[in-house]
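Here is the structure we will look at.
Derivation of every value follows stated rules applied to the coordinates shown; laboratory data play no part. For clarity, every value in this text was computed on a predicted model and none was experimentally measured. Neighbour counts are summed over all protein chains in view; Cβ atoms, including those assigned to glycine, are modelled from backbone coordinates with ideal geometry.
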């Protein structure tokens, strides 16, 4: 019985360490693994992030007009995060989007205006 408890404790500890390591690894990354971890990680909350569209950083990689964007986003407190998402077509240059993200996983996006975002975030996006 004691051996079983030791094995169970060791297994849970290893799984916990791997989970914490994966969470640390995926912080502010945009690769597929980070998006997968963000999508299914129950400890990561959905949060709005704001971006300014720069079509120079958008690429039509699939040939069907879906543009992949890798941009700098800001949360409501003004903290900077890299973000990667696919737009359904080429988005309008210089427009602002509110991207709903869960970690690196992008759930949805919508166009917003100056009045819809925090002032400090708007000022940071204007300098880009």
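Mind checking the angle between helix 2-26 and the chain's longest principal axis? C-alpha axes, 0 to 90 degrees, to the nearest 10.
Between the helix axis and the principal axis of the chain, the angle is about 10 degrees.
For the chain, what does the relative contact order come out to in percent, with C-alpha contacts under 8 Å and a separation of six or more?
Relative contact order comes out at 25 percent.
What is the fewest-to-most order of 111, 98 by other Cβ atoms lying within 10 Å of their Cβ?
In increasing order of surrounding Cβ atoms, one gets 111, 98.
Under a 10 Å cutoff between Cα atoms, tell me which one of 16, 87, 78 has the largest fluctuation in the Gaussian network model of the chain.
Between 16, 87, 78, it is 16 that shows the largest mean-square fluctuation.
In whole angstrom, how far apart do the alpha carbon centroids of the stretch 68-89 and the stretch 1-46 sit?
After rounding, the separation between the Cα centres reads 25 Å.
Spin-label point model (7 Å from Cα, Cβ direction): what's the residue 7 to residue 80 distance in nm?
According to this spin-label approximation, the distance is 5.1 nm.
For a footprinting-style exposure proxy, rank 8, 36, 71 by other Cβ within 10 Å, fewest first.
Ascending number of Cβ neighbours within 10 Å: 8, 36, 71.
Of the listed values (i) 1.53; (ii) 1.14; (iii) 1.20, grab the one calculated as Rg/Rh (Cα atoms, Kirkwood Rh) from the structure here.
Correct label is (ii).
Arrange 99, 51, 112, 24 by Cβ neighbour counts within 10 Å, fewest through most, would you?
The fewest-first ordering by Cβ neighbours comes to 24, 112, 99, 51.
Please grab the % of Cα pairs in the stretch 53-128 that end up more than 17 Å from each other.
That tail contains 42 percent of the Cα-Cα pairs.
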